[in-house]
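All of the numbers you see were taken from the coordinates with simple rules; none came from a lab. Since we're looking at a predicted model, the values are computed, not measured. Every residue, glycine as well, gets a Cβ built from its backbone with ideal geometry; the counts of neighbours run over all protein chains shown.
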Amino acid sequence: MDFRTQYQRIFGVGPSGIVVTTFIWFLFYLIEKTLHINTIQIHQLARTILLFVFFLDAIYLVFGSIFFMPLKKRGRSVVKNGPYKFIRHPLYSALIYSGTGILALLVYSWGLLISVIPLTIFWSLHVRREEKHMLKSFGGEYSQYMKKTGQFIPKFKAIIDS
């Protein structure tokens, strides 16, 4: 297996997606500062609780992803355990929702909070290449998995069936 194929199998679209995500965060934060938009006004207790929830979610999604799909398994089987039981891309989900939420709350930024909309659209389009590869590699098994799980947010059916 050549380097590029191995790299794609292990990392998928993650690295390029992280670069674009960072750019979108920076852009929205810059727009907010340029337009002098007021900061998020939130009670300290509510902020602390939300930060705790976002961190807990991120920890579950990131470590669950790593545990249930170690490097050797990536691109070689359809993983359906841990966070993959509910969503197909838990690492990306952690970045989009928990990462954005944490950043927005840390700097009290409406711009960062709103950036979750273009980030979700970007990632939905960006992971298509990864999902096409999985469909090509695993066919019907991955197709059925796609019907049961959401890309980044659990489908109600996945929660009920668990």
(request) Of the options LEU71, ILE159, PHE122, report the single residue whose Cα projects farthest towards the positive end of the charge dipole of segment 44-161 (beta-carbon charges: Lys, Arg +1; Asp, Glu -1). (result) LEU71
(message) Taking the 0 to 90 degree range and rounding to the nearest ten, how far is the long axis of helix 116-126 tilted relative to the main principal axis of the chain, both from C-alpha atoms?
(response) 20 degrees
(request) Using only C-alpha positions, report the orientation-averaged shadow area of the convex hull of segment 1-40, nm², one decimal. (result) 3.5 nm²
(request) Determine the relative contact order of segment 44-161: mean sequence separation of Cα pairs under 8 Å and six or more apart, normalised by residue count, in whole percent. (result) 31 percent
(request) For segment 42-76, run through the trypsin sites (Lys or Arg not before Pro) and keep only the ones in DSSP coil with at most 16 other Cβ atoms within 10 Å of their Cβ. (result) ARG74, ARG76
(request) Return the FRET efficiency for the residue pair LYS72, ASN38: r is the Cβ-Cβ distance, R0 is 45 Å, and the value is rounded to the nearest 0.05. (result) 0.40
(message) Spelling out what I want: for every residue of segment 83-93, take phi, set θ = phi - 60°, compute 6.51 cos²θ - 1.76 cosθ + 1.60 (Karplus), and round to whole Hz; glycine and proline get x.
(response) x, 5, 5, 10, 9, 7, 10, x, 5, 5, 4
(request) Apply 1/(1 + (r/R0)^6) to the Cβ-Cβ distance of ALA46 and ARG4, taking R0 = 35 Å, and write down the FRET efficiency to the nearest 0.05. (result) 0.15
(request) Note down, for segment 44-161, the three equivalent ellipsoid semi-axes (square root of 5 times each alpha carbon gyration tensor eigenvalue), biggest first, whole angstrom. (result) 28, 15, 13
(message) What's the magnitude of the charge dipole for segment 23-162 around its Cα centre, counting Lys and Arg as +1 and Asp and Glu as -1 at the beta-carbon? Answer in Debye, nearest 20.
(response) 660 debye
(request) Please go through segment 110-155 and write out the trypsin sites (Lys or Arg not before Pro) that DSSP classes as loop and that have at most 16 other C-beta atoms within 10 Å. (result) LYS155
